[in-house]
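No value in this document is a laboratory result; all are computed from the given coordinates. All values derive from a computational prediction rather than experimental measurement. As a convention, Cβ positions derive from the backbone with ideal geometry for all residues, glycine included, and neighbour counts pool all protein chains shown.
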Amino acid sequence: MILCLPVAADETLVSALDAVHARDFEAALSSLSDLPEAQRTRDTQFHLARVQYLTGDLAASLKTLEALQVSYGKDSEAFYLAGLVYLELVDKVNVFKKVGTAKKSLSSWQDAVAKNPQNLDARYAIFAYYASAPGIAGGDMDRAVNMVQEIDQQDKGYGAMAKGLLLSLQDDSAGAEAAYQEAAILMDRAGPYMSLAQLYMATENYEKALTAAAQFLEGEKRWWDPDITVAYLMRVRANERLGRLQAAKEEAKLALSMNPSKRVEKALKKELKQL
């Protein structure tokens, strides 16, 4: 029986990941949650926390991650994911807890880098936090600027992403666009296109936003990238701004059929109601 436990866990994980790919999050949660304790592995618990995060069950995700961190104290990815969960939680807690919750994101990412200095996603998250967060929550532009060269030395793609974010915050949209485009070439995956799409939406360049969001949808995505329904929501808004109401409606309905998180579902329904 003992020899079969890893096999059972592996089979459950494969089944759960297939369900996530099919956007059947309920089935993925069910299979991973129902595993007997003796059959739970690092990977089954990590992906359980990830699916809980994707579906917006943030409290459950943190509980799973806390247990994972106890059992696998050196797991950098678990701390990185915890930072993402805390960041998502900021919008849900009351005003008196927002700063403290945001700081937990930063602390989690710092722990992730301490566990694995090569975790560039966590290092970039720390940089982005320093660059974007208000000072009361630990934002520090000087630290962010100093981190750009450090990140660039580790990886040119992430370095270009960091430069793009700094330039966008400095209202240099042309410089930010060039940096993100460079990152897209160097990294050859979906992530930079989401940053480009966000930049284009912010600068009201909606045609380019549509293209960048489509490139995100077509590109290779990593588990930490925004969900595809976020890109569809962006396309809904871009089409609406361009007066293409029918296209906006069709994309909103398509995204709603993809089992989005509660937060994205609410935003899509609000957009659809206004069209």
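Could you work out how much longer the chain between E150 and N94 gets when fully extended? Use 0.36 nm per residue separation minus the Cα distance between them, nm to one decimal.
Using 0.36 nm per residue and subtracting the Cα-Cα distance, I get 16.6 nm.
I'd like the distance separating the alpha-carbon centroids of segment 190-230 and segment 11-55, in whole Å.
When both Cα centres are located, 27 Å separates them.
Give me the one-decimal nm value for the distance between modelled label points at A59 and S33, 7 Å along each residue's Cα-to-Cβ direction.
If labels sit at A59 and S33, their model points lie 1.3 nm apart.
Report the charge-dipole magnitude of the chain in Debye, nearest 20, computed about the Cα centre from +1 at each Lys and Arg Cβ and -1 at each Asp and Glu Cβ.
The dipole magnitude comes to about 860 debye.
Under 8 Å for C-alpha pairs, at least 6 residues apart: give me the relative contact order for the chain, rounded to a whole percent.
10 percent
Charges only on Cβ, +1 for Lys and Arg, -1 for Asp and Glu: so what's the dipole of segment 144-224 about the Cα centre, in debye to the nearest 20?
The calculation lands at about 200 debye.
Can you give the Rg and Dmax of the chain based on its C-alpha atoms, in angstrom?
Final numbers for Rg and Dmax: 19.5, 62 Å.
Among V70, V145, V230, rank each residue by its count of other Cβ atoms within 10 Å, from fewest to most, as a rough exposure measure.
Taking fewest neighbouring Cβ atoms as first place, the list is V70, V145, V230.
Mean projection of the alpha-carbon convex hull of segment 1-71 over all orientations, in nm²? Please report the intermediate quantities before stating the final value.
Numbers: hull surface 17.3 nm².
Directional mean of the projected Cα hull area for segment 1-71 stands at 4.3 nm².
Over segment 70-201, what is the relative contact order in whole percent, taking alpha-carbon pairs under 8 Å and six or more residues apart?
15 percent
Obtain the nm distance between the two label points defined at Q181 and L272 by a simple spin-label model: each point lies 7 Å from its Cα along the Cα-to-C-beta direction.
For Q181 paired with L272, the spin-label model returns 3.6 nm.
D43 to I136: FRET efficiency via 1/(1 + (r/R0)^6), r the Cβ-Cβ distance, R0 51 Å, to the nearest 0.05?
Rounded to the nearest 0.05, the efficiency is 0.85.
With the chain treated as a Gaussian network of Cα nodes joined by springs under 10 Å, which of R235, R222, R189 yields the largest mean-square fluctuation?
Of R235, R222, R189, the most mobile in the Gaussian network model is R222.
So what are the ³J(HN,Hα) numbers for segment 87-97, from phi and the Karplus equation (6.51, -1.76, 1.60; θ = phi - 60°), rounded to whole Hz, Gly and Pro as x?
Once θ is set to phi - 60°, the couplings for segment 87-97 become 4, 5, 6, 3, 6, 9, 8, 6, 4, 6, 9 Hz.
Using alpha-carbon pairs under 8 Å, 6+ residues apart, how would you state the relative contact order of segment 105-157 in percent?
27 percent
Can you work out ³J(HN,Hα) from phi for every residue in segment 196-201, in order, using Karplus 6.51 cos²θ - 1.76 cosθ + 1.60 and θ = phi - 60°, giving whole Hz and x for Gly and Pro?
Those phi angles translate into 5, 4, 5, 4, 5, 5 Hz.
Using 0.36 nm per residue of separation minus the Cα-Cα distance, give me the extension gain between R263 and A67 in nm, one decimal.
Going from the current span to full extension adds 68.0 nm.
Ranked highest first by the average count of other Cβ atoms within 10 Å around their residues, in what order do 32-38, 191-197 fall? Write out the running numbers ahead of the final one.
Working: 32-38: 13.4, 191-197: 24.6.
Result, highest mean first: 191-197, 32-38.
Taking a point 7 angstrom from the Cα of W224 along the C-beta vector, which residues in segment 87-101 have backbone N less than 19 Å away?
Under 19 Å, as judged by backbone N against the label point of W224, lie 87-90 of segment 87-101.
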